[in-house]
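Each remark here refers to the structure printed beneath this line.
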Amino acid sequence: MPRKDDRRLRIGVLGCGPIAQFAHFESCTKARNADLFAICDVAEDLRHRMAATHAPEKTFADYDAMLADPEVEAVIIATSDAFHVPASLRALEAGKHVFCEKPVGVSVEDVEQLRDAVARSGLTLQIGHMKRFDPGLEAAKAFIDTEMGEMLALKAWYCDSTHRYTMTDAVQPLPVTSKNARKPTENPKADLRRYYMLAHGSHLVDTARWLCGPITAVQARLSERFGAHCWFVETSFASGTLGHLDLTVAVRMDWHEGLQLYGQYGSVIAKTFNPWYYRSSEVEIFHEKDATTRRPLGADGHFYRRQIEGFADAILHGAPMRGADAEDGVASIRAMVAIARSVETGRLVRLDEVSGAL
């Protein structure tokens with residue numbers, strides 16, 4: 001068992017589905033500064049199975065009951081996307097800090113409402129963009145911020161593989177399911193354009209924004225052939241950096257994710273792996289001043305645990321927020337809506353022009 005701090009954040013997890021089982025239960029258990037204090041799910045059979053496996057202090061069938069418990073200090077929202085904003089708002093109203101899975105919402109207006117509620121509450125809300133806690137990408141970010149000088153251009157890609165489930169099934173535990181699990185009214189996968197953009201595009205957009213700053217406009221093209229969806233997105237950043245984003249689901253090859261970033265005093269090349277391998281990105285940082293390349297090892301690749309530790313540090317010790325916040329959530333949804341509008345219209349779309357949902 002990892003060594004724990006004396007003072008730990010008591011976290012309640014809403015939802016006992018696959019993302020909680022694969023990521024959040026273990027992350028709370030392993031985190032040095034947090035505990036899996038409570039779990040909540042309406043499906044009694046699933047809740048009992050997870051309680052027996054992960055041994056939280058408390059279990060709840062009712063979300064409001066968990067929020068009313070004064071010992072619960074923060075919640076993880078590990079539900080379907082459609083429930084993220086309402087569940088987060090209820091937690092903030094109850095005085096709880098919130099860690100919400102990505103995407104934080106599905107419409108610009110909903111996420112703006114949540115951002116405003118966070119500002120009024122004075123509480124912490126972090127979004128589950130765990131790639132910000134990939135040690136290789138963190139090293140790249142540090143180089144960009146302190147040594148690279150002006151940025152010239154970014155090329156980034158996130159290409160899911162037709163073989164990803166064969167690979168992940170080999171390394172993940174078999175998920176426990178329940179016919180009593182609460183599901184959204186509409187099937188999230190009924191519209192694959194929307195589903196792929198929210199599920200995968202949210203990662204690509206957030207990583208681009210984290211490394212290069214605010215996105216101001218996009219011009220996107222979409223090709224749909226033989227069951228595959230491929231978005232090419234020309235991206236304008238406020239800094240003047242040129243960007244090209246490639247979101248493809250699914251490529252007929254291995255998982256293909258990474259980036260190239262060109263700057264004034266060096267460059268970055270990164271290869272990112274399927275997240276369920278818990279393997280840090282392989283990053284090459286080139287320093288123009290002495291023509292050398294550095295490759296950080298990034299030995300601790302459990303970015304799901306690392307993001308919970310960052311969340312807890314911000315709450316318990318006032319540490320700087322390292323994860324994506326509510327304002328990042330608004331910008332991410334705006335970018336994805338803008339990409340959808342650009343595909344529909346064939347024109348460049350400014351982010352400050354968009355509203356509505358994907």
- Test for residue 16: is it in a loop (DSSP other than H, G, I, E, B) and crowded, with 24+ Cβ neighbours inside 10 Å: yes
- Residue count, the range 55-87, condition in a loop (DSSP other than H, G, I, E, B), out of contact with any Leu (no Cβ under 7 Å at 6 or more places or on another chain) and either under 20 Å from residue 26 (Cβ atoms) or among the polar types (S, T, N, Q) (or both), comes to 4
- Message: Condition (residue is assigned by TED's automatic domain parsing to the domain that holds residue 215, exposed (fewer than 15 other Cβ atoms within 10 Å of the Cβ), at positive phi and not basic (Lys, Arg)) applied to the range 171-181: is it met by at least one residue?
- Response: no
- Query: Can you spot a residue in the range 222-232 that is in contact (Cβ under 8 Å) with a residue 40 or more places away in the chain, more than 17 Å from residue 334 (Cα to Cα) and among the basic types (Lys, Arg)?
  - Reply: no
- Query: Going through the range 301-348 one residue at a time, which ones are on the phi < 0 side of the Ramachandran plot and without any contact (Cβ under 8 Å) to a residue 40 or more places away in the chain?
  - Reply: 317, 319, 320, 341, 344, 345
- What pairs come up if the first residue lies in the range 250-276 and is among the aliphatic types (A, V, I, L, M), the second is surrounded by 20 or more Cβ atoms within 10 Å (Cβ to Cβ) and assigned to a loop (DSSP other than H, G, I, E, B), and their beta carbons are under 6 Å apart, counting only those six or more places apart or on different chains? 270/281
- Message: Only one of 107, 88 is small (Gly, Ala, Ser) and surrounded by fewer than 24 Cβ atoms within 10 Å (Cβ to Cβ). Can you tell me which?
- Response: 107
- Taking the residues in the range 24-49 that are small (Gly, Ala, Ser) and surrounded by fewer than 24 Cβ atoms within 10 Å (Cβ to Cβ) as candidates, determine which candidate is nearest to residue 177 (Cα to Cα). 43
- So residue 97, is it touching a residue at least 12 places away in the same chain (Cβ under 8 Å), of a type outside the set (A, V, I, L, M) and under 15 Å from residue 309 (Cα atoms): yes
- Can you name the condition, by its number, that residue 324 falls short on among (1) within 24 Å of residue 97 (Cβ to Cβ); (2) of a type in the set (A, V, I, L, M); (3) modelled with pLDDT under 95? (3)
- Task: Can you work out which of the residues in the range 173-215 that are in contact with a His (Cβ under 7 Å, 6 or more places away or on another chain) and without any contact (Cβ under 8 Å) to a residue 60 or more places away in the chain is nearest to residue 14 (Cα to Cα)?
- Result: 196
- Query: Filter the range 278-310 for residues that are in contact with a His (Cβ under 9 Å, 6 or more places away or on another chain) and crowded, with 18+ Cβ neighbours inside 10 Å; which is farthest from residue 73 (Cα to Cα)?
  - Reply: 304
- Task: Kindly check whether there is at least one residue in the range 38-54 that is in a strand (DSSP E or B), without any contact (Cβ under 8 Å) to a residue 60 or more places away in the chain and either assigned by TED's automatic domain parsing to the domain that holds residue 205 or not aliphatic (A, V, I, L, M) (or both).
- Result: yes
- Message: Tally up the residues in the range 332-358 that are among the small types (Gly, Ala, Ser) and crowded, with 18+ Cβ neighbours inside 10 Å, please.
- Response: 5
- Say whether the condition of being closer than 26 Å to residue 200 by Cβ, in the same structural domain as residue 142 (by TED's automatic domain parsing) and assigned to a helix (DSSP H, G or I) is met by at least one residue in the range 283-296. no
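The values are calculated or read from the model by the stated rules, or taken from the named source; none is laboratory data. What you see is a predicted model, and the numbers here were worked out from it, not measured in a lab. Heads up, the Cβs are rebuilt from the backbone with ideal geometry, glycines too, and the neighbour counts pull from every protein chain shown.
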